[in-house]
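Heads up, the thing below is written out as structure tokens.
The values are calculated or read from the model by the stated rules, or taken from the named source; none is laboratory data. Note that the coordinates shown come from a computational prediction; the quantities given were computed from them, not determined experimentally. Just so you know, the surface numbers come from the protein's heavy atoms only, side chains and all, with ligands and any DNA or RNA stripped out. Shrake-Rupley method; radii C 1.70, N 1.55, O 1.52, S 1.80 Å.
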Amino acid sequence: MSESVTMLIDAANGGDAEALRRLFARVYDELKRLAHIQLGRAGGQTLNTTGLVHEAYLKLAQPGEGGLTDREHFFSLAARAMRQIVIDRARAQIAEKRGGAQRDLVDIDAAFDVASGELGPEALLRLNEALDHFAAEEPRLARLIELRFFAGLGLDQIAVLQQVSERTLNRDWRQAKVRLYLALNPD
């Protein structure tokens with residue numbers, strides 16, 4: 001499947017619009033699984049899994065500066081698109097509330113546990129804000145967090161995508177959790 005995805009990415013980069021459609025058809029089930037995980041974490045969302053995948057497709061199908069390079073790049077962009085959509089929805093929910101946003105504490109271990117349940121819109125926004133600040137200092141670790149939390153990928157899957165050892169990713173993951181915890185809890 002990896003070669004097929006890469007071949008479709010190459011064809012899409014060459015201007016073949018049909019290849020982009022076939023690429024999404026090829027990875028649609030995987031994107032739906034990732035969207036389901038993402039929406040499960042973001043409590044109170046009015047968007048369903050299919051809607052999130054379709055909105056992500058619309059974001060990714062727009063012509064941009066550069067093309068896709070490989071499978072990892074594709075899933076990184078898909079995770080980022082889903083993150084942006086979910087965060088925009090959380091902001092809209094908070095804007096609708098009277099009295100403004102309350103600041104919930106984010107338990108970093110709960111945030112990264114796939115089975116942990118849902119995060120409220122306020123906690124999700126705090127996590128997003130911390131990740132944005134963290135990305136300026138440690139882009140590699142921020143990308144790992146984004147793939148882990150927003151795309152719901154396991155360390156073994158990320159290791160394959162990034163072509164690094166699981167041991168290296170485990171070390172990075174420990175460091176990323178500590179750094180993000182400190183960013184979320186400055187006191």
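What the table shows:
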read-out: Per-residue SASA entry for H73, accessible area with 1.4 Å probe, Å² rounded to 10; value: 60
read-out: Accessible area, probe 1.4 Å, largest first, for residues S4, S165, S76; value: S165, S4, S76
read-out: Heavy-atom SASA rank of M7, M82 (probe 1.4 Å, accessible area, largest first); value: M7, M82
read-out: I87 accessible area, 1.4 Å probe, all protein chains in place, Å² to nearest 10; value: 0
read-out: Two-decimal log10 I(q)/I(0) for the stretch 146-187, as the Debye equation yields it once each C-alpha is a single scatterer, q = 0.14, 0.28, 0.30, 0.32 Å⁻¹; value: -0.35, -0.97, -1.03, -1.09
